[in-house]
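Working notes for the structure below.
The values are calculated or read from the model by the stated rules, or taken from the named source; none is laboratory data. Just so it is clear, the model here is predicted, and its values are computed rather than measured. Reconstructed Cβ throughout: ideal geometry from the backbone, glycine too, with neighbour counts over all protein chains shown.
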Amino acid sequence: MKKSLLSNATPQPQTASETDRRGADRYRTVWRIAKVKRDGDVGLWRVRNMSDNGMMLAADVPIAVGEKLEIALSDAVAVRGKVVWSEGGRCGVAFDEEVDVADVLKRLAAEQRASGYRQPRLPVHTSAQAVTDEGTSEIELVDLSQSGAGFVHDGHLEVGKELDLVLASGIRRKAIVRWSRGTRGGLWLTQPLDRADLESIHRFQN
């Protein structure tokens, strides 16, 4: 029988029968970012490992046992579960429904190889400043990742324009306009945001 919950305890030596019984629930090491939704918040957290029945996540925000999470590994692949342990910036999540982890990882790998792939982004609606040689203008950010941002502007920021992006919190990063169509555009952050900056949407609320 497969184990239904993750545990943060140190693994103990297993007998042959226990090893056979646990064989189908092996944990796969996974290093990727997931968009995690919970009651009143959303953030980008790190996935440490994953099995058919659960996963370990890492984030430097308070996480309570019993919290229900929706975890988007990509735009097309998501799972739901409940926090069963939380300690030292990590937590274990038991899935509501069992998944085929091998199939999930195969799908994620195929998506990542496809053209147009981008990492999960944090949906935000916050004001920011674009500082160029010509001056400073106000823009609105609509999404963020460590190395990218979607924004709304008045159309004056052209592709290839270098600028300093200044967030409402005072964070400042070098960036280049990667694309611009009408009043929408995308930035490539040549100075990536810190991972911890994206773990809660509350950090970007004006």
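Structural remarks
- When residues of segment 52-82 are limited to those that are assigned to a loop (DSSP other than H, G, I, E, B) and touching a Leu at 6+ places or on another chain (Cβ under 7 Å), the one nearest to Arg118 (Cα to Cα): Ser74
- The condition of being loosely packed, with under 14 Cβ neighbours inside 10 Å and outside the structural domain of Ile33 (by the TED database) does not hold for Gly185.
- Residues that are surrounded by 19 or more Cβ atoms within 10 Å (Cβ to Cβ) and within 28 Å of Leu57 (Cβ to Cβ) within segment 153-172 comprise Leu165, Leu167, listed in sequence order.
- All positions within segment 4-51 that are under 23 Å from Ala64 (Cα atoms), at pLDDT 60 or above and assigned to a loop (DSSP other than H, G, I, E, B): Tyr27, Asp39, Gly40, Ser51
- Number of positions in segment 106-136 that are assigned to a strand (DSSP E or B) and either more than 24 Å from Gly43 (Cα to Cα) or more than 18 Å from the chain's Cα centre (by Cα) (or both): 9
- Test result for Glu87, of a type in the set (Asp, Glu), more than 19 Å from the chain's Cα centre (by Cα) and at negative phi: yes
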